[in-house]
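Quick notes on the structure that follows.
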Amino acid sequence: METVAASSLLIVGLVIAVGILLTLLVQSNKKLQKNNEETKSIKDICNTFIDSYETVVYLKDEQLNYRFINKAAEPYYHKSVTEIIAQDDQRLDTEAFGPAIIETDQQVIESGKTTEYEEKHKNRIYKIKKFPVKIRENRIGVGAFIREITDEEKLIKKQERVLFRNKILVNVLSKNFRNDKKQLDYVLHEALKLTDSSIGYICFYDEKKQQFTLNAWSKGLIKGAEIVEPKLTYPLEEAGSWGEAVRFRKPVILNNDGTKPSSEQELPGGQKVSGNFIAIPIFIDERIKAVVGFAGKEDHYSDNDVYEITVLMNGVLTNVERRIIQKKLFEERSKYFQTLISIGDGVMVVDPAGKIEMLNKVAQNLTGWTNEEAKGKHYTKVFVLSHEDQRQEIQDPIEMAMATDQTQELKNHAVLTAKDGSLFHLEDSAAPIKNEKGETIGIVLVFRDVSEKKQQREKIEYLSFHDALTGLYNRRFLEAELLRLDTERNLPISIIMGDVNGLKLTNDIFGHAHGDIFLKKIADVMRKICRADDIIARWGGDEFVILLPKTTIEQAKQIKKRIKTEFARDGVKVIKGNISLGCDVKTAMEQSIVECLESAEEKMYAVKILERDDFKSTTLDSIITTLQSDSPQEEEHALRVSQWCHDLGVTMELPHVKIKRLKLAGYFHDIGKIVLHKDLLVENSDHSEEELTEIKKHPIMGYRILNAFDDTMSLADAVLHHHERWDGSGYPKGLKGEEIPFLARVVAVVSCYDRLTSAEEGEKLGSNQNPLIHLEKMEGQFDPEIKREFINMIKNLPS
């Protein structure tokens, strides 16, 4: 009995143990499943982040098959991620980032070392970092980060070009060259490097003779120039493409787009070159003084090349001209004394004691002293120089010329204070005057007023970063500021993007001058609402962007609301101020400032779609209300014409939909008169030809207005042609017969009859002439069938 009991207990114990074990296994399995789900979730999140990264990221195994790659790679490989995974570059048959991609992958795996390099491929530049990745035991793959830096390199290269150009100018103006030829050879040599060209030349141009003189050329431009004296002068008519710069008085840029063989260009000296070519006229005082040409650049020539070379050569030629003047003054001071008096620059001659001997007319005008008043006075009392920055001192060129017995040029930033207190920015140089023995007997100072030139330079600098119409920053400046301000200390950075509603309608109805006023008004509103440190820019035609450093999204929304409210109080003519605005914020450095801008733009367009119908409806109501307010008789005329059009449509048994359109066409037919002055809305025959021409524009204006709104677009043709005549004598297109839309033919008859029944027209007809009889006698103007139907309808109306 005890044995049976013991056996039973043992069995029960085993059952319990098995049950506990099964429970533990179930719990363990659930925990493992949960861990797998969490791992998958984390992996999905990681993939999402990596896919949103603009840099290409990939992982290859030891066979260089892709194990992982993010979506940023798809545009480069022209394949989806799924198509790329498990493939190698040879099977993909692509060189997305250059031919060295496989070789460097293999080097990283073999060396086990990280490598970084830049790769230029198909006019794009990539910064590539590759590193070994341990996949499993004894298996090494390669990982890579690939970032495109083409735009960054272009910006750096542009800045380097500006610095290089300035360095050339400094060297040209500071170095002593044996002659002008040496100076121009130096300039051309440096300009070739500045423009990345292999061939170049500098030709002076004489506008009177219409003749080029070749002054400097690159090696190999003229074959045999080392042996035989080359041809240096060329009449304009013999100049090929490079002469177009003079004929059209503007730069000539010929770039080969690669789609077809490039044509050959003949250069001075007869050499023919193919490929990219540029010729730039250099103006001084609105006259072409030289033409500079370059060829052999791998990339396309651009407006930036034109700007850089123009600035450089203007400085060089100005310096050359000034040195020529100084040389003539030095060599033939007596012979050319009258030239000194009449020269376009100011000229002052002082003796060794510093007393003035002569001022020419220009010098007298600039200093405010007459020649008689200045003679015998120390030059410092007449020629009062200072630095434009009052905290700095200016070097006296006359004093320096006396001390060194050498020609001295005035440093930049010199300001002349005239006798009456007027200020002039100057460029000048002082040279010793020598006698036959080589002794210095005085100093001649040549100076010119460059105030306007300085203002133009400042204006050019201003316009390079500002919108000429509104005075706001332009897109180029904002894009640079986006990068500059994209720092942690400026977080949060909010961006507002706006699109002005009604600009096209304003331009179409009232002209671009009023559209410009519209843009200026929204610019003024933004300036008024925003803070001093905020960046406001005109992004495009009717788009604006506001960059708000250290601004939360809540603050940005308040600014957005204030701009919209303030602009709504303004407008142009009948078009009320309305702007659709969207905003977003960058709160962490991991976020992309460009994506933030794009998000603000998307929100702005979403708002624009929602507001579009309300704005259009409000604008159309405003146009109608304003016209009727300016001319109550126009309102009455529109209502009567609309009703008679409806009645005639019923009489003619037209379809219901057509009757409805006919009634609306009658109501809107003169809506284009909103552009007319109030005086022109009065019906009379005393209008001038000029006024009649303005009045005849109203069908076109009405057509533009109705075409701007979805609900009235179908009525636009009827309004445009309601002054056309059956015999073709109408306007604006001179259509005739059934070329004129049916609705327009009906409105023409009804509108004419209503005008005949008005008080003014009634007086003209006289008491003996019935309007209906007069309409019946108007042959050739209206559709005979429609006119007959209308007359019968009117006759059958109850008296």
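The values are calculated or read from the model by the stated rules, or taken from the named source; none is laboratory data. Please read these numbers as outputs of a predicted model, since none were measured by experiment. Quick reminder, even Gly has a Cβ in these numbers, built from the backbone with ideal geometry, and neighbours come from all protein chains shown. These accessible areas exclude ligands, DNA and RNA; they are computed on the full protein's heavy atoms, side chains included. Shrake-Rupley method; radii C 1.70, N 1.55, O 1.52, S 1.80 Å.
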Asn501 long-range amide H proximity, modeled H, under 5 Å: Asn578, Ile579, Ser580
Residue-by-residue Karplus 3J(HN,Hα) for segment 181-187, coefficients 6.51, -1.76, 1.60, Hz, glycine and proline x: 4, 4, 5, 5, 4, 5, 4
Distance between segment 423-460 and segment 473-526 - C-alpha centres, whole angstrom: 44 Å
Distant-in-sequence amide H partners of Val384 (H built 1.01 Å from N, under 5 Å): Thr417
Vicinal HN-Hα couplings computed from phi for segment 447-452 (Karplus, 6.51 cos²θ - 1.76 cosθ + 1.60; Hz; Gly/Pro x): 9, 9, 7, 10, 4, 5
Ordering of 69-76, 140-147 by packing [mean C-beta count within 10 Å, highest first]: 140-147, 69-76
Mean accessible surface per residue for the chain, computed with a 1.4 Å probe while every protein chain stays in place, in Å²: 56 Å²
Label-point separation in nm, Lys437 to Val594, each point 7 Å along Cα→Cβ: 7.5 nm
Cut-off under 5 Å, modelled amide H: who pairs with Lys79 long-range: none
The chain - mean residue ellipticity at 222 nm from DSSP helices (-39,500 (n - 2.57) per run, n ≥ 4, rounded to 500): -15000 deg cm²/dmol
Calculated from backbone phi, Karplus (6.51, -1.76, 1.60) coupling profile of segment 729-742 in Hz, x at Gly/Pro: 8, x, 9, x, 9, x, 5, 9, x, 7, 5, 6, x, 4
Spatial separation of Cα centroids for segment 80-142 and segment 266-331, in angstrom: 47 Å
Percent accessible area from carbon and sulfur atoms, the chain, protein chains only, probe 1.4 Å: 52 percent
Order by protection proxy (mean Cβ within 10 Å, highest first), peptides 516-523, 783-790: 516-523, 783-790
Cross-link reach list, lysines versus Lys663, counting only Cα pairs under 20 Å and skipping chain neighbours closer than eight places: Lys673, Lys787
